[in-house]
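The block underneath contains the structure these notes are about, expressed in structure tokens.
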């Protein structure tokens, strides 16, 4: 009986710790809906997430929906939230939205029409820009754009 109790305590602690994680969760494309615009999230190149300090995960179909949601919801729980965006060159791989490198270009059709892609590596951004053109942005400029 003691072993069962110990196992139950360990399981409970693990569940509590994992429930408060600020790490991104996989987006279920074609199943999850965007928290902001309510559209179905379908393109793995453009997904985004906001994770509150309590571990609540909000999923978005594009970085512009994430930025707009933050602008419209000035709640205390968003102050220290972690923000994640999908790396355009590595679909379904999340990167920190505040340190990502962004490129706006009409050739890249993001779900909400701002035509902004994000990558983790600045050299990768330069390669895409050299090939396709566009305007480089950082997180602050992207939020201003929205």
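Relative to the present Cα-Cα distance, how much length would full extension add between residue 107 and residue 73 at 0.36 nm per residue of separation?
Numbers: separation 34, 0.36 × 34 = 12.24 nm, distance 3.06 nm.
Contour length minus Cα-Cα distance gives 9.2 nm.
Projected label points at residue 90 and residue 31, each 7 Å from Cα along the beta carbon direction, are separated by 2.4 nanometres.
Take the Cα radius of gyration of region 34-146 and divide it by 2.2 N^0.38 Å, with N its residue count; two decimals is plenty. Each step should come with its number before you reach the end.
Values: Rg = 13.2 Å, N = 113, 2.2 N^0.38 = 13.3 Å.
Computed over Cα atoms of region 34-146, the ratio equals 0.99.
A convex hull fitted to the Cα coordinates of region 90-146 yields 81 cubic angstrom per residue. The alpha carbon centroids of region 105-129 and region 38-57 are separated by 18 Å.
If we count other beta carbons within 10 Å of each Cβ, what is the order of 102, 69, 46, fewest first?
Details: 102 23, 69 19, 46 26.
With the fewest neighbours first, 102, 69, 46 line up as 69, 102, 46.
Please list, in order, the residues from region 127-146 whose amide nitrogen is less than 17 Å from a point placed 7 Å along the Cα→Cβ vector of residue 99. Under cut-off, by backbone N: 138-140.
Rule-based calculations on the coordinates, nothing more; no lab input. Please read all numbers here as calculations on a predicted model, not as lab measurements. Please note: Cβ atoms are built from the backbone with ideal geometry, for glycine as well, and neighbour counts cover all protein chains shown.
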